[in-house]
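Quick notes on the structure that follows.
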Amino acid sequence: GQQLNQNPQSMFIQEGEDVSMNCTSSSIFNTWLWYKQDPGEGPVLLIALYKAGELTSNGRLTAQFGITRKDSFLNISASIPSDVGIYFCAGLNAGNNRKLIWGLGTSLAVNP
Amino acid sequence: DTAVSQTPKYLVTQMGNDKSIKCEQNLGHDTMYWYKQDSKKFLKIMFSYNNKELIINETVPNRFSPKSPDKAHLNLHINSLELGDSAVYFCASSLAGGNEQFFGPGTRLTVL
């Protein structure tokens, strides 16, 4: 099935550093979603984006809906140990029976 | 308060057996989903039901049969289990017209 390109695949950073990751698609989306998955748990929705150019924050997390509608970005500022996990992007087109297209995830490790 | 719940959390069984996984959501959502997450963490949609009606049915072996007795429940029955069925299975739900999917904690299925 279709997948989104998500980069980087993994990151290992020091506590306090900022983190950036992105997701790109060959097709246009109307919605971009960012999820975080902790070990042994289900994905949890972090941020939802509905409009091209939209910039939305959730605490230390900021996500942007790319102008071309083919990409999205997630930034985490001042990382802390509990930011560890896998971050997934997902895109949705209105006419696709609500079927999300998922990225392969960015695995984040934070060194205290 | 559990929003999307799944039982069991862990399921270990022999090849050839038949097993079921149950899912319930108390969010008042109309649409429910089953995903399979493999060892590489890719989330693959399997099925989606909207108010008890099947709307997404990906290329899944017919050994997998979803059943939705009402819009708050979506169960997954698997016949003749195979080694390759070992994975984590996630249930999710959303509003019928909504893009944001909420996930359960997952069921880790191990086929021996």
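Quick notes on this structure:
- Summed over both chains, the contact between A and B buries some 1800 Å² of accessible surface at a probe radius of 1.4 Å.
- Counting Lys and Arg as +1 and Asp and Glu as -1 over every other residue whose Cβ lies under 11 Å from the Cβ of B:Asn79, the net charge comes to -1.
- Straight-line cross-link partners of B:Lys67 among the lysines, defined as a Cα under 21 Å from its Cα and at least 8 positions apart when in the same chain: A:Lys99, B:Lys9, B:Lys19, B:Lys22, B:Lys36, B:Lys44, B:Lys52.
- Summing charges over all other residues whose Cβ lies under 11 Å from the Cβ of B:Ala96, with Lys and Arg as +1 and Asp and Glu as -1, gives 0.
- Here segment A:33-99 was treated as a single set of alpha-carbon atoms; its pair distances binned every 10 Å from 0 give 19, 49, 27, 5 percent.
- Net charge in the neighbourhood of A:Gln6 (other residues with Cβ under 14 Å of its Cβ; Lys, Arg +1, Asp, Glu -1) is +3.
- Percent carbon-and-sulfur accessible area, segment B:1-68, ignoring ligands, DNA and RNA, probe 1.4 Å: 45 percent
- Heavy-atom accessible area per residue - chain B, 1.4 Å, Å²: 48 Å²
- Evaluated at q = 0.19, 0.21, 0.23, 0.24 Å⁻¹: base-10 log I(q)/I(0), Debye formula over Cα of chain A: -0.93, -1.11, -1.30, -1.40
- Taking the DSSP bridge list for the protein assembly as shown and keeping only pairs wholly inside it, about 90 percent are antiparallel.
- Note on segment A:1-46: the C-alpha convex hull projects to 4.8 nm² when averaged across all orientations.
- Where the alpha-carbon atoms of segment A:72-112 are placed on the principal axes, they occupy 44, 16, 12 Å, in descending order.
- Taking only the Cα atoms of the protein assembly as shown, the ratio Rg/Rh comes out at 0.97, with Rh defined as the Kirkwood radius.
- Within 10 Å of each Cβ in B:98-108, the average number of Cβ atoms from other chains: 5
- Largest-first ordering by accessible area, 1.4 Å probe, given options B:Thr2, B:Thr59, A:Thr56: B:Thr59, B:Thr2, A:Thr56
- 3J(HN,Hα) along segment A:48-65, derived from phi through the Karplus expression 6.51 cos²θ - 1.76 cosθ + 1.60 where θ = phi - 60°, amounts to 10, 10, 10, 9, 4, x, 4, 10, 10, 10, 9, x, 7, 9, 9, 10, 10, 8 Hz, with x in place of Gly and Pro.
- Average other protein chain Cβ within 10 Å of Cβ, residues A:66-76: 0
- Rounded to the nearest 20, the size of the Cβ-charge dipole of chain B about its Cα centre is 280 debye, with Lys and Arg at +1 and Asp and Glu at -1.
- Take each residue of peptide A:41-47, count the partner chain Cβ atoms within 10 Å of its Cβ, and average: the result is 5.
- Equivalent-ellipsoid semi-axes of segment B:24-100, from the Cα gyration tensor, Å, largest first: 22, 14, 10
- Protein accessible area in chain A, 1.4 Å probe - carbon and sulfur %: 50 percent
The values are calculated or read from the model by the stated rules, or taken from the named source; none is laboratory data. Keep in mind that this is a model prediction, so the values were computed, not measured. In this analysis, Cβ positions are derived from the backbone assuming ideal geometry, glycine residues included, and neighbour counts consider all displayed protein chains. Remember, those area values only see protein heavy atoms, side chains included, never the ligands or the DNA or RNA. Shrake-Rupley method; radii C 1.70, N 1.55, O 1.52, S 1.80 Å.
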